[in-house]
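Here the structure is laid out as structure tokens; the discussion comes afterwards.
The values are calculated or read from the model by the stated rules, or taken from the named source; none is laboratory data. Everything numeric in this text was worked out from a predicted model, so none of it was measured. Reconstructed Cβ throughout: ideal geometry from the backbone, glycine too, with neighbour counts over all protein chains shown. Areas reflect the complete protein model, heavy atoms only, side chains present, ligands, DNA and RNA absent. Shrake-Rupley method; radii C 1.70, N 1.55, O 1.52, S 1.80 Å.
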Amino acid sequence: MKNKKIVLTISAIAILSLGGAIYAANHHGKAATNDKTSTQSLTVYAAGPKKLSDKIVKGFEKDSGIKVKTFDGTTGKILSKLKAEESNPQADVLILASMAAGVDLQSHKKLLTYDAKNSTKLNTQFKDNQHQLFNYSASAVGITYNTQEVKTPPTDWSDLTDERYKNGLTIPDPKTSGSSLDFVNVYQMQHGQSYFKQLKQNGAEIGGANKEVLDAVVTGQKKAVVGGVDYMSIAAIKKGEKIGFAYPKSGTLVNPRPAMILKSTKHATAAKKFIDYLLSDTVQKQIKQSYLIPGTTDKLTNPLNDQVIKSYTVNWHDANQALEANIKKFNQVLGHD
Amino acid sequence: MTKRRSWVVPAIVFATVLTLIIVGPLAALLSSTLFGSHLVELGHRLTTPAILTSLRHSLTLGVGTIIGTTLITTPLAFIMTRTKLAQYSWLHWLLLVPFMTPPYINAMGWIYFFQPHGLWAQVFPNSALSFKGLFSPLGIILIMSLHLYPFAYLLLRNALAQFNQRWTQAALVHAVSRWRILTRVTLPILLVPYLAMWVLVFTKTLAEFGTPATFGRNIHFDVLTTTIQRDLSQWPLDFKGGVLAGTILLSIALCAWVVQQTLLKQPKIQMTHNQHSVINRHWHVTLAAGLAITVLLLAAIGIPAVSIVFQSLLKQRSAGLTSSNLTLEHYLALLRFDSPAFQALINTFGMAIVISFANLVIGTLISVASTTKRLPRWLRKCLHLLGSLPLAIPNVVLALSLMIFFSQLFAFTKLYGTISVLLIADVVLFLPTTVQYMTTAFQEFNDNYLNSARIFETSSSRIIFKIVVPILMPALVNSFAMSFIATSRELVVALLLLPSGMTTISSFIYQSFEQGEASQGMALAVMTVLITFASLSLSNQWLDKQLKLSH
């Protein structure tokens, strides 16, 4: 009989602690949801330099007293998280690295319209007439090259089809990198696919996300990145890494990085405040310090030497239409599966 | 009769809850594959090149790793049972180390070591060796084999240690040829351990995510696990594709699990005997064995460790190996309380403690219930099955099924997007180890202790805390340690289920490989491995002390 008592006690303890754990977990969940229903908290999903978004979020929390929860990831990861949470939306504000993805959300009527205070200050190229996408910053793509491997710096896209770059080229994967997605799409809209076919013949390969391909060039695994983002490479150059970055002289994509408020938000007031903060002088200055192009700039310039970047003019609604087909073609030319 | 029923009811409730949590998500996954789309579309999807390629790659990797581990473990098990090296127990522990470092860290180490301008090329700039051949499916098989061999080694060493050499001696005395001894005596006896080892290695390889996600991506080697993760988290999304790949992976894993369960049921060949293995004492055998083990350890521990430590010390990654380019700043950054890496460390260890406790409690309950004679047989079997089923579920599939389960069917609980789902996933995943440890401990539990205690001691709480718990202590500590280690390095579940604003060690390292500061990630990797070792050896020492005290 004692035996039974012992086992009974063990199980009682076990069940109690199990219940406790489940209760704690539930309670934790509830506490989190309770937080969300108060106006004093905001959930932001942000793509792009984590240091910058950390800085912005900290500044905003201090400024407004509103608590911010962030999720940092690539554009692709953010969009998938959004999709998974469709029936139970968590995010209030999104910051993406791909304009096409932003326009896609816009055309699906997922976004809230807001006449932001400072949106008149934005560069005309970055304005959205529907007041839904706030292009608070932008980044350009170009050519990142290893200065130890490449003696004469490339100046234009066409230089990369040269024999010198044979098997030394890598392209950020459009599946993970929002800026690469837009670059691959817009380049094909402007010039067709022949360039990518030539790259393939020169042994170019699709790499990983932006940082991965940059790392491959920094460590000398590859000679150059085709369509790497500028701010990341420039930050590495400033750190003293032996790489260079070129804005192609025939023109390149300057990709706005849109912030937006989701229609499903329960904290519209806080979200609007956040957008205002993004367009404030404080943040615009921080953006410049991270070597990104501030949305309110009057000229698009190279952070290294202040020369004007020649940029493509893009109709983003057309780009959104063309996106799927162009990415498919790109993957057919360069993909592995 | 009434007494018996009083046990049965809570046990049934317990089993039902477990079934809901473990089997429910899998059922959700299967049903969303079967009923989510039309059958024709399903067939069409099944034959898309992406699915077929990753399926082929997964199977190649599985079979390749089976061959790789067999080639490594067979001589190793012989060395560690039949040569003079067998007496060094520290060597035995050292051989298990590769299992304790997370495989994705090993894979990154290999990449940084052998890539063009990698560590090897910097140390030996004039070396004409090219490692192009390593950046191929062969390389990834090698890395997987070097990570998984400890499991196989443990299984095989036990089998060999118990191998009764009198059988082969008897055959020799009767002038049986060596070939016939091999085919008629040795192999049939060793077949079951080998089969068990192959199934284990195959299942583990199939479920592996970290190595294909790092090394595999480098060589464009997509397997089912990475395809699932990519379909779920990269643009353009392909939820249905991910779910289908998940179902395929689950089916293969379940088949392997069924095979494994039947193997376990095989009547064991009675191998216990009091005779020690014959040790070969020739000096050249010892030398050759020592050399072989050194090479193995260099490849399995040396290369990744050196490479990771080196990366974590670099100031500029393009400048390479010069003394002025080395710095400790990445480690100092870890010590700053507001640094994200430190946050990740705290998050992970906090979570690991919660999960390991929950795991221990549930696992112990299952073990008690599946060994006690007070429950009907079917219920015991059912609980035992539930306790060992998660062994068959690849991490990524479990994460995917919980995603579907909590974001679609159980969306009203609002649990999806909170840390609870991640906790549930990890507790379920590591349940089988605990159940196995505890069940063995309960089976070995000597009832005489309890009976005599009942005669001399009236307080049952004293019986529990002075007798039952101390006797079970090694098993408790071991299962806690195992699930603690496993939780703290789990990657793909964290990537898929982490709530916003939270990072764990593994997701931090992976992100730093993908997006951030590689050196910072590598510094965190080194710290994690060190902490794991420290806690393991502490718990081991403590256990040893307890054992000595009790004797």
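Please determine whether any residue of region B:86-98 is over 29 Å from B:Val309 (Cα atoms), over 16 Å from the mean Cα position of the chain (by Cα) and in a helix (DSSP H, G or I).
Going residue by residue through region B:86-98, those that are over 29 Å from B:Val309 (Cα atoms) are B:86-87.
Add one more test, that the residue is over 16 Å from the mean Cα position of the chain (by Cα), and what stays is B:86-87.
Narrowing the set further to residues that are in a helix (DSSP H, G or I) leaves B:86-87.
Taking every residue of region B:86-98 in turn, at least one turns out to be over 29 Å from B:Val309 (Cα atoms), over 16 Å from the mean Cα position of the chain (by Cα) and in a helix (DSSP H, G or I).
If a residue counts only when it is in contact with a Phe, Trp or Tyr (Cβ under 8 Å, 6 or more places away or on another chain), which helices (runs of 4 or more DSSP H) contained entirely in region B:101-185 have at least 3 such residues?
Details: elements: B:103-114, B:119-123, B:137-162, B:165-173, B:178-181.
So the answer is B:103-114, B:137-162.
Checking each residue in region A:149-176 for being open to solvent by less than 10 Å² (accessible area, probe 1.4 Å), within 25 Å of the chain's Cα centre (by Cα) and at pLDDT 90 or above picks out A:Trp157, A:Leu169, A:Thr170, A:Ile171, A:Pro172. Per the listing B:Ser6, B:Ser54, B:Ser58, the residue uniquely open to solvent by less than 80 Å² (accessible area, probe 1.4 Å), closer than 30 Å to B:Lys373 by Cβ and within 14 Å of chain A (Cβ to nearest Cβ) is B:Ser6.
Looking at region A:93-111, can you tell me whether even one residue there is open to solvent by 40 Å² or more (accessible area, probe 1.4 Å), in contact with a Lys or Arg (Cβ under 9 Å, 6 or more places away or on another chain) and more than 13 Å from A:Met260 (Cα to Cα)? So far as region A:93-111 goes, no, none of its residues is open to solvent by 40 Å² or more (accessible area, probe 1.4 Å), in contact with a Lys or Arg (Cβ under 9 Å, 6 or more places away or on another chain) and more than 13 Å from A:Met260 (Cα to Cα).
For region A:146-171, residues that are of a type in the set (Lys, Arg), part of a loop (DSSP other than H, G, I, E, B) and closer than 19 Å to A:Gln198 by Cα total 1.
For region B:210-229, give me each residue that is open to solvent by 30 Å² or more (accessible area, probe 1.4 Å) and either in contact (Cβ under 8 Å) with a residue 12 or more places away in the chain or more than 10 Å from chain A (Cβ to nearest Cβ) (or both).
As a first pass, look at region B:210-229 and keep what is open to solvent by 30 Å² or more (accessible area, probe 1.4 Å): B:217-220, B:222.
Listed by number, the residues that qualify are B:Asn218, B:Ile219, B:Asp222.
Residues in region B:434-466 that are in contact (Cβ under 8 Å) with a residue 24 or more places away in the chain and buried (at least 19 other Cβ atoms within 10 Å of the Cβ): B:Thr434, B:Val435, B:Tyr437, B:Met438, B:Thr439, B:Ala441. Considering the conditions (1) closer than 19 Å to B:Ile248 by Cβ; (2) more than 19 Å from the chain's Cα centre (by Cα); (3) small (Gly, Ala, Ser), B:Ala207 is excluded by exactly one of them, (2).
For region B:87-114, the set of residues classified as closer than 27 Å to B:His284 by Cβ and open to solvent by 30 Å² or more (accessible area, probe 1.4 Å) consists of B:Gln87, B:Tyr88, B:Ser89, B:Trp90, B:Trp93, B:Leu94, listed by residue number. Filtering region B:7-16 for residues that are of a type outside the set (S, T, N, Q) and closer than 30 Å to B:Ser136 by Cα leaves an empty set. Of the residues making up region B:318-372, just one is surrounded by fewer than 17 Cβ atoms within 10 Å (Cβ to Cβ), part of a helix (DSSP H, G or I), of a type in the set (S, T, N, Q) and touching a residue at least 12 places away in the same chain (Cβ under 8 Å), namely B:Gln343.
Could you say which residue among B:Leu313, B:Leu386 is touching a residue at least 60 places away in the same chain (Cβ under 8 Å), within 23 Å of the chain's Cα centre (by Cα), open to solvent by less than 80 Å² (accessible area, probe 1.4 Å) and away from chain A (no Cβ under 14 Å)? Even if it seems obvious, please write down each step before you answer.
Numbers: B:Leu313 fails: within 23 Å of the chain's Cα centre (by Cα).
Exactly one of B:Leu313, B:Leu386 is touching a residue at least 60 places away in the same chain (Cβ under 8 Å), within 23 Å of the chain's Cα centre (by Cα), open to solvent by less than 80 Å² (accessible area, probe 1.4 Å) and away from chain A (no Cβ under 14 Å), namely B:Leu386.
Do we have any residue at all in region A:229-238 that's hydrophobic (A, V, I, L, M, F, W, C) and without any contact (Cβ under 8 Å) to a residue 24 or more places away in the chain? The answer is yes, given that some residue of region A:229-238 is hydrophobic (A, V, I, L, M, F, W, C) and without any contact (Cβ under 8 Å) to a residue 24 or more places away in the chain. Is region A:83-91 home to any residue that is at the interface with chain B (Cβ under 8 Å from one of its Cβ atoms), of a type outside the set (Phe, Trp, Tyr) and in contact (Cβ under 8 Å) with a residue 60 or more places away in the chain? So far as region A:83-91 goes, yes, one or more of its residues are at the interface with chain B (Cβ under 8 Å from one of its Cβ atoms), of a type outside the set (Phe, Trp, Tyr) and in contact (Cβ under 8 Å) with a residue 60 or more places away in the chain.
Condition test on A:Ser41, is it more than 9 Å from every other protein chain (Cβ to nearest Cβ), open to solvent by less than 20 Å² (accessible area, probe 1.4 Å) and among the hydroxyl-bearing types (Ser, Thr, Tyr)?
The answer is yes for A:Ser41.
For beta carbons closer than 6 Å, sequence separation of 6+ or different chains, a first residue in region A:134-155 that is in contact (Cβ under 8 Å) with a residue 40 or more places away in the chain and a second that is open to solvent by 60 Å² or more (accessible area, probe 1.4 Å), the qualifying pairs are A:Thr147/A:Lys242; A:Gln148/A:Lys242; A:Thr155/A:Lys249. Of all the listed residues (B:Ile531, B:Ile485), the sole one being in a helix (DSSP H, G or I), open to solvent by 50 Å² or more (accessible area, probe 1.4 Å), more than 13 Å from chain A (Cβ to nearest Cβ) and β-branched (Val, Ile, Thr) is B:Ile531.
Determine, yes or no, whether A:Asn146 is more than 30 Å from A:Lys285 (Cβ to Cβ), within 14 Å of chain B (Cβ to nearest Cβ), within 19 Å of the chain's Cα centre (by Cα) and crowded, with 17+ Cβ neighbours inside 10 Å.
Criteria not met by A:Asn146.
Among the residues of region B:408-467, which ones are in a loop (DSSP other than H, G, I, E, B) and farther than 30 Å from A:Tyr45 by Cα? Of everything in region B:408-467, those that are in a loop (DSSP other than H, G, I, E, B) and farther than 30 Å from A:Tyr45 by Cα turn out to be B:Phe430, B:Phe445, B:Asn446, B:Glu457, B:Thr458, B:Ser459.
Hey, among the residues in region B:373-382 that are part of a loop (DSSP other than H, G, I, E, B) and within 14 Å of chain A (Cβ to nearest Cβ), which one's most open to solvent (accessible area, probe 1.4 Å)? The selected residue is B:Lys373.
For region B:283-308, filtering for residues that are open to solvent by less than 60 Å² (accessible area, probe 1.4 Å), more than 14 Å from every other protein chain (Cβ to nearest Cβ) and touching a residue at least 40 places away in the same chain (Cβ under 8 Å) leaves 15. Would you say A:Lys266 is more than 30 Å from B:Trp120 (Cβ to Cβ), at pLDDT below 90 and not in a helix (DSSP H, G or I)? Against the criterion (more than 30 Å from B:Trp120 (Cβ to Cβ), at pLDDT below 90 and not in a helix (DSSP H, G or I)), A:Lys266 qualifies.
Is at least one residue of region A:195-217 more than 14 Å from chain B (Cβ to nearest Cβ), more than 16 Å from the chain's Cα centre (by Cα), among the hydrophobic types (A, V, I, L, M, F, W, C) and open to solvent by less than 10 Å² (accessible area, probe 1.4 Å)?
Taking region A:195-217 first, the residues more than 14 Å from chain B (Cβ to nearest Cβ) are A:195-199, A:201-202.
So of that shortlist, the ones also more than 16 Å from the chain's Cα centre (by Cα) come out as A:195-199, A:201-202.
Retained after the next criterion (residues that are among the hydrophobic types (A, V, I, L, M, F, W, C)): A:196, A:199.
Remaining after also requiring open to solvent by less than 10 Å² (accessible area, probe 1.4 Å): A:196, A:199.
Yes - at least one qualifying residue is present in region A:195-217.
Could you tell me whether B:Ser420 is facing chain A (nearest Cβ under 10 Å), crowded, with 23+ Cβ neighbours inside 10 Å and either free of Cβ contacts under 8 Å to residues at least 60 places away in the same chain or at positive phi (or both)? Show your work before the answer.
Values: facing chain A (nearest Cβ under 10 Å): yes; crowded, with 23+ Cβ neighbours inside 10 Å: yes; either free of Cβ contacts under 8 Å to residues at least 60 places away in the same chain or at positive phi (or both): yes.
Spelling it out, B:Ser420 is indeed facing chain A (nearest Cβ under 10 Å), crowded, with 23+ Cβ neighbours inside 10 Å and either free of Cβ contacts under 8 Å to residues at least 60 places away in the same chain or at positive phi (or both).
Does region A:237-260 contain any residue that is of a type in the set (Gly, Ala, Ser), in a helix (DSSP H, G or I) and either modelled with pLDDT under 90 or under 21 Å from A:Val184 (Cα atoms) (or both)? No, region A:237-260 contains no residue that is of a type in the set (Gly, Ala, Ser), in a helix (DSSP H, G or I) and either modelled with pLDDT under 90 or under 21 Å from A:Val184 (Cα atoms) (or both). Looking at region A:248-272, which of its residues are more than 23 Å from A:Leu334 (Cα to Cα), buried (at least 18 other Cβ atoms within 10 Å of the Cβ) and among the hydroxyl-bearing types (Ser, Thr, Tyr)? Once the filter is applied, which keeps residues that are more than 23 Å from A:Leu334 (Cα to Cα), buried (at least 18 other Cβ atoms within 10 Å of the Cβ) and among the hydroxyl-bearing types (Ser, Thr, Tyr), region A:248-272 yields only A:Thr265.
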